[in-house]
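Report on one structure; see the data block that follows.
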Amino acid sequence: MQYSFSGRVALVTGAGSGIGESIARLLASNGLNVVVSDVSADNAQRVTSLINAEGGHAVANVADVARIDEVQAAVACAVDAFGDLHFAVNNAGISGDQSPVGELDPAAWSRVIDVNLNGVFYGLRHQIPAILRSGGGAIVNVSSILGVVGDAANPAYVAAKHAVTGLTRSAALAYAPKGIRINSIHPGYVRTPILDFLDESALQEAVGLHPIGRLGTPDEIAHAVAFLLSEGSSFLAGTQLIADGGYTAR
């Protein structure tokens with residue numbers, strides 16, 4: 001599937017592996033200049049090198065999204081490298097401890113909230129002014145199916161992803177009139193490093209929760225994100241796109 005993005009600029013966080021890598025590579029293959037931002041310098045550079053070797057245009061950026069100064073610097077990197085910023089994908093996230101709320105270490109709670117929620121806020125705070133200066137565009141915040149349902153063993157992640165859903169709606173209401181469409185995507189279980197904590201038995205149990213009969217792939221989520229950024233979704237603002245193989249249809 002092809003999208004019309006030629007010559008414009010996108011920033012993707014958590015782009016050094018998994019879903020973020022697939023998003024960055026797909027956007028670059030469709031003509032976008034991409035800032036590949038990741039907490040790992042090695043991963044950011046690896047994906048950047050792949051994109052450039054494939055004929056795309058990308059620069060690497062190292063940022064911990066839990067640090068607002070580093071998020072601000074990532075936006076500046078896009079403008080410095082390519083002159084503008086039109087699109088952003090706030091994808092960076094961590095899974096956190098698997099403990100019920102009555103047993104959860106407060107430090108583990110704080111780290112998940114810092115990355116998965118504050119990181120999205122920091123992104124929006126600095127991406128929106130830059131996109132406005134560029135004449136408008138679109139942002140996708142990567143939430144989760146756990147942004148619409150609960151999970152007894154992962155309360156911090158669930159709380160953060162629910163909050164991302166609400167933050168996305170509020171931001172969409174404020175900036176749709178100004179030319180920025182902001183939506184969220186809610187993937188089901190996708191085979192990425194964030195699931196490395198699951199053993200094979202747990203993975204198969206997760207498969208059984210998806211009526212489609214399998215887990216998702218990073219490329220499938222990347223295409224859904226590209227759709228939300230594209231003119232094909234020009235009437236979508238504040239929408240929650242659930243890409244979960246039927247998980248939440250139960």
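The values are calculated or read from the model by the stated rules, or taken from the named source; none is laboratory data. Because the structure is predicted, anything quoted here is derived from the model rather than measured. Cβ coordinates were reconstructed from backbone atoms using ideal geometry, including for glycine residues, and neighbour counts include every protein chain displayed.
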TODO: Confirm whether Ile23 is surrounded by fewer than 20 Cβ atoms within 10 Å (Cβ to Cβ) and either touching a residue at least 40 places away in the same chain (Cβ under 8 Å) or out of contact with any strand residue (DSSP E or B) (no Cβ under 7 Å at 6 or more places or on another chain) (or both).
DONE: no
Task: From Gly102, Gly83, Gly96, residue being out of contact with any helix residue (DSSP H, G or I) (no Cβ under 8 Å at 6 or more places or on another chain), farther than 27 Å from Ser230 by Cβ and of a type outside the set (S, T, N, Q) - done: Gly102
Task: Matching residues, the range 3-22, being part of a loop (DSSP other than H, G, I, E, B) and at pLDDT 95 or above - done: Arg8, Thr13, Gly14, Ala15, Gly16, Ser17
- [ ] Six or more apart or on different chains, Cβ under 8 Å: which pairs go from a residue in the range 70-82 that's more than 9 Å from Leu11 (Cα to Cα) to one that's in a helix (DSSP H, G or I) and of a type outside the set (Asp, Glu)? Could you list them?
- [x] Val71/Gly119; Val71/Tyr122; Val71/Gly123; Val71/Arg125; Val71/His126; Gln72/Tyr122; Gln72/His126; Val79/Ala130
Task: Single unsatisfied condition, Phe235 versus (1) within 25 Å of Leu167 (Cα to Cα); (2) at pLDDT below 95; (3) hydrophobic (A, V, I, L, M, F, W, C) - done: (2)
Open item on the list: If the requirement is being over 15 Å from Gly93 (Cα atoms) and either at pLDDT 95 or above or in contact with a Pro (Cβ under 7 Å, 6 or more places away or on another chain) (or both), which of these qualifies: Ile145, Ile131?
Closed with: Ile131
Open item on the list: With the condition being among the aliphatic types (A, V, I, L, M) and in contact (Cβ under 8 Å) with a residue 60 or more places away in the chain, I'd like the helices (runs of 4 or more DSSP H) fully within the range 146-235 carrying at least 2 qualifying residues.
Closed with: 155-175, 218-229
TODO: May I ask you to list the residues in the range 174-213 that are in contact with a helix residue (DSSP H, G or I) (Cβ under 6 Å, 6 or more places away or on another chain) and surrounded by fewer than 16 Cβ atoms within 10 Å (Cβ to Cβ)?
DONE: Pro193
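Let's see how each residue does on (1) under 19 Å from Ile180 (Cβ atoms); (2) within 18 Å of the chain's Cα centre (by Cα):
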site	(1), (2)
Gln2	no, no
Ala10	yes, yes
Ser22	no, yes
Ser49	no, no
Glu54	no, no
Glu70	no, yes
Ala74	yes, yes
Asn91	yes, yes
